[in-house]
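Notes follow the structure.
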Amino acid sequence: MLDSVEVNATAAALLGMLRGGAATGYELAARAEEELGDFWTVTRSQVYRELTGMSERGLVQPQQPGPRDRRPYQLTDAGRAAFSVWLHQEPGSDVVRIPLLLRLAFADAIEPSRLAELTAAQRAQHAERLQRYREVERAALQHGASDRDLVTLRFGLRYEQAVVEWFDRDLSRLGQSNVSRSP
């Protein structure tokens, strides 16, 4: 039995994506943005830093550089084991970091017209994402996706729907009254 190495969530995400075959840091960053970007942020610098660290710990094996000197990384048995351990651990508590909510905590200091602009722009982004998720779900269902395949997408659908409803019900009131902070 291999001794498992503990990994953080970003490293685990990269290990999970490498299960499908070798990939370069550039490819992994692009895949992370496309596949995970709606609910997990992975920057390019994090990708390269994690790949270096995982290579040093034997979780991935660098391959020969390809075009543009891009080096693919292959998942090792130790990497598979570390990913499996991480995958089966308790995920821990959610950490919510929403820039608009941070600003709304100080809404009394925002001019009403600027507050209306900020909230309208944010609502439009969420409504657009909700529409995109609905389109992705329809296409996935047409291609035979299972409930298991759609579980993260459906969370996103429900989240975006709730956020748009929150904008419409609660934030629309901000423009109708003086904004004051609760004690």
Residue set A9, A13; condition under 28 Å from E90 (Cβ atoms), surrounded by 18 or more Cβ atoms within 10 Å (Cβ to Cβ) and not hydroxyl-bearing (S, T, Y); output residue A13
Look at segment 102-137 and say how many of its residues are more than 14 Å from V163 (Cβ to Cβ), among the acidic types (D, E) and either in contact (Cβ under 8 Å) with a residue 24 or more places away in the chain or in a helix (DSSP H, G or I) (or both). 4
Against the definition (more than 14 Å from L171 (Cα to Cα), hydrophobic (A, V, I, L, M, F, W, C), surrounded by 12 or more Cβ atoms within 10 Å (Cβ to Cβ) and not assigned by TED's automatic domain parsing to the domain that holds V163), how does A81 come out, yes or no? yes
Among (1) over 23 Å from the mean Cα position of the chain (by Cα); (2) over 25 Å from Y26 (Cβ atoms), there is one condition G66 misses while meeting the rest; what is its number? (2)
Just a yes or no: is a residue in segment 86-97 of a type in the set (K, R), assigned to a loop (DSSP other than H, G, I, E, B), in contact with a Ser or Thr (Cβ under 7 Å, 6 or more places away or on another chain) and surrounded by fewer than 16 Cβ atoms within 10 Å (Cβ to Cβ)? no
List the residue pairs whose Cβ atoms are under 8 Å apart, where the first residue sits in segment 145-163 and is in a helix (DSSP H, G or I), the second is of a type in the set (G, A, S), and the two are 6 or more positions apart or on different chains. D149/A140; L150/A140; L153/A140; E160/A127
Between residues in segment 58-75 that are assigned to a loop (DSSP other than H, G, I, E, B) and residues that are modelled with pLDDT under 85, which pairs lie under 8 Å by C-beta distance while being six or more apart or on different chains? G58/V5; L59/V5; R71/P65
Spot the failing condition for S55; the list is (1) buried (at least 16 other Cβ atoms within 10 Å of the Cβ); (2) of a type in the set (S, T, N, Q); (3) in a loop (DSSP other than H, G, I, E, B), and only one is missed. (3)
Residue among A105, A109, A127, A116 that is surrounded by 12 or more Cβ atoms within 10 Å (Cβ to Cβ), aliphatic (A, V, I, L, M) and either touching a Gly at 6+ places or on another chain (Cβ under 9 Å) or at pLDDT below 95 (or both): A116
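The values are calculated or read from the model by the stated rules, or taken from the named source; none is laboratory data. Nothing here was measured: the structure is a model prediction, and the numbers come from that model. Don't worry about glycine lacking a Cβ; one is built from the backbone with ideal geometry, like all the others, and counts go over all protein chains shown.
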